[in-house]
Amino acid sequence: MIVLTKSERRALLVVALILVISGVVQWSRPHAVRVKQFDYTLQDSLFKILSADTVSPAAKAAAPAEKPKSKKRKKKRAKQLLKPHSIDINKAGASELERLPYIGPKTARAIIEYRQANGPFKSVDELDNVKRIGPKTIERIKPYIYLTFPKKPDGKTDSGKFNGK
C-alpha cells in the first residue's frame, strides 16, 4: 500500500475533483460550434480578377508606391507561372530556363554550357551532371520541362517529345 503525506493526499483530491467537475461540465454541455463557417477563397480570387480590370491606369499611377521592407534584402524576381511541360531543355535559352523554379542566371548558364559541351540531353535525369543542380532541383523542375531529340542523319526525329517520366 502507498503511504501519502497529508499535503499529497490533499493535492491528489484537488486533481480528482477538477477531473470530475470537468467531466460533468462536458457531459451536461458539450462544446459545439453553432456558427457556420464560410470559405471566402473563391470570392476573394474572383474579386481580385475582376478588380484588376476595373482599376484605371491613372489610379494605378496615383497610388503611392510601396516602401521596400529592408534595403539589405535582395529583391526576389517574380517567376512567371509555367504550364506543365512548357520548356524544352534542349532548345531553351538562358532567359527561358530562368523561368523554371530554383533556376537562376548562373544555373541557366551552366545548363547551356553543359549542353554545348556534351550535346543535347538524352533524359531529364542527365541534368544531375550539371553543376548547381541536384536531385531535389530536378524533381522540382521536372513537371515544367520536356525533351525534343535532334534529327537523325536520315532526316527523321526520334520519338518526339519526352517528359522524363
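Report the equivalent ellipsoid semi-axes for the stretch 87-162 in whole Å, largest first, defined as the square roots of five times the eigenvalues of the gyration tensor built from alpha carbon atoms.
Values: eigenvalues 91, 32, 25 Å².
Whole-Å semi-axes of the equivalent ellipsoid: 21, 13, 11.
Quick one: if the Förster radius is 41 Å, what FRET efficiency do Lys122 and Gln37 give, using the C-beta to C-beta distance and rounding to 0.05?
That gives a FRET efficiency of 0.20.
Quick one: Asp128, Asp39, Asp88, fewest Cβ neighbours within 10 Å first, how do they rank?
Values: Asp128 12, Asp39 7, Asp88 16.
Ranking Asp128, Asp39, Asp88 by Cβ neighbours within 10 Å, fewest first, gives Asp39, Asp128, Asp88.
Could you list, in their original order, any pairs among Lys83/Lys142; Lys91/Lys142; Lys48/Lys142; Lys91/Lys136; Lys122/Lys142; Lys106/Lys151 whose Cα atoms are separated by more than 19 Å?
Cα-Cα > 19 Å for Lys48/Lys142; Lys91/Lys136; Lys106/Lys151; rest within.
Pull out the extension gain between Phe47 and Ile2, defined as 0.36 nm times the separation in residues minus the alpha carbon to alpha carbon distance; nm, one decimal.
Numbers: separation 45, 0.36 × 45 = 16.20 nm, distance 6.80 nm.
Between Phe47 and Ile2, full extension yields an extra 9.4 nm.
Laboratory data are not the source of any read-out in this text; all were calculated from the coordinates shown. Since the model is a prediction, treat every value here as computed from it, not as a measurement. Reconstructed Cβ throughout: ideal geometry from the backbone, glycine too, with neighbour counts over all protein chains shown.
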